[in-house]
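Structure first, then comments.
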Amino acid sequence: MRSETMEPIFTKPDLPRYTQCPFPPYRYLPFQVDSPLPHPRNDPAGHSYDLEEDYLSHFTSDDWHSCELYLYGIDLFNYGYWWEAHEALESVWLAAGQRSTLCGRFVQGLIQLAGAQLKRFINEPSGAQSLTRAGCERLSEVEGIYLGVAVEALVDEAERCLREDRGEYPRIELRF
């Protein structure tokens with residue numbers, strides 16, 4: 001298993017941040033028995049303990065470029081805070097209608113890709129494979145650019161990183 005201090009290597013190291021929101025003080029990596037970090041929400045020492053969960057009343061495909069929580073979720077993903085990205089994007093997913101809307105299913109695909117990167121980082125290949133496959137299937141329900149994401153490029157990059165397994169992780173480049 002990898003140490004929590006190890007930095008991921010990204011395929012697009014020069015992408016800009018999309019928000020000014022500060023990152024948490026650590027990346028949560030579950031199941032790290034050699035040097036466990038506190039669970040962010042459940043442990044009083046966790047970086048998100050006692051914080052209110054983010055709430056959005058709605059989210060549609062027209063909202064992505066102005067939705068701070070969506071953009072922050074992308075920032076978290078892009079800097080290897082995959083557990084935290086999952087949490088941020090889950091609030092967006094709930095507001096988007098979950099599985100009942102194309103927008104909700106697409107956000108679910110982003111969440112699954114975040115989970116896949118986390119599984120790769122903590123060396124759980126079967127979970128990484130199944131989450132990459134599921135996430136790419138969800139994302140591929142649309143073509144072109146959706147929610148600012150060049151879908152085919154992201155799917156190709158996620159699948160390549162998994163297949164080649166050279167320790168590289170995809171990033172999401174948004175197109176405004």
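Derivation of every value follows stated rules applied to the coordinates shown; laboratory data play no part. Keep in mind that this is a model prediction, so the values were computed, not measured. Positions of Cβ are backbone-derived with ideal geometry, glycine not excepted, and every protein chain shown enters the neighbour counts.
Listed values for segment 108-120 are Karplus-derived 3J(HN,Hα) couplings in whole Hz (6.51 cos²θ - 1.76 cosθ + 1.60, θ = phi - 60°), namely 4, x, 5, 4, 5, 5, 4, x, 5, 5, 4, 4, 4, and x replaces Gly and Pro. Near TYR146, the amide H atoms lying under 5 Å from its own belong to VAL151; only residues 5 or more places off or on other chains count, and H is placed 1.01 Å from N. Taking amide H atoms as placed 1.01 Å from N in the peptide plane, the amide H of GLU168 has no partner under 5 Å among residues 5 or more positions away or on other chains. Residue-wise HN-Hα couplings along segment 89-97, as the Karplus relation 6.51 cos²θ - 1.76 cosθ + 1.60 with θ = phi - 60° gives them from phi, are 6, 5, 5, 5, 4, 4, 5, 7, x Hz; Gly and Pro carry x.
Using the Karplus relation 6.51 cos²θ - 1.76 cosθ + 1.60 with θ = phi - 60°, the per-residue 3J(HN,Hα) values for segment 59-66 come to 8, 10, 5, 7, 8, 4, 5, 10 Hz, with x marking Gly and Pro. Here is how the number arises for the chain: DSSP H runs of 4 or more residues each give -39500 (n - 2.57), the sum is divided by the residue count, and the result at 222 nm is -13500 deg cm²/dmol.
Counting only other residues whose beta carbon sits under 12 Å from that of GLY109, what net charge do I get with K and R as +1, D and E as -1? Don't skip to the answer; put the middle values down first.
Details: positive: ARG99, ARG105, ARG133, ARG138; negative: GLU137, GLU141.
Cβ neighbours under 12 Å give a net charge of +2.
Exposure proxy for ASP75, ASP43: other Cβ atoms within 10 Å of each Cβ, ordered fewest to most, give ASP43, ASP75. With the highest mean first, a sort of the peptides 20-31, 111-122 on other beta-carbon atoms found within 10 angstrom per residue produces 111-122, 20-31.
Select from segment 47-126 those GluC sites (Glu not before Pro) which occupy a DSSP coil region and have at most 14 other Cβ atoms within 10 Å, ordered by residue number. Mind showing how you got there, number by number?
Values: sites: GLU52, GLU53, GLU68, GLU84, GLU87, GLU90; in loops: GLU52, GLU53.
Counting only loop positions with at most 14 other Cβ atoms within 10 Å, the GluC sites (Glu not before Pro) in segment 47-126 are GLU52, GLU53.
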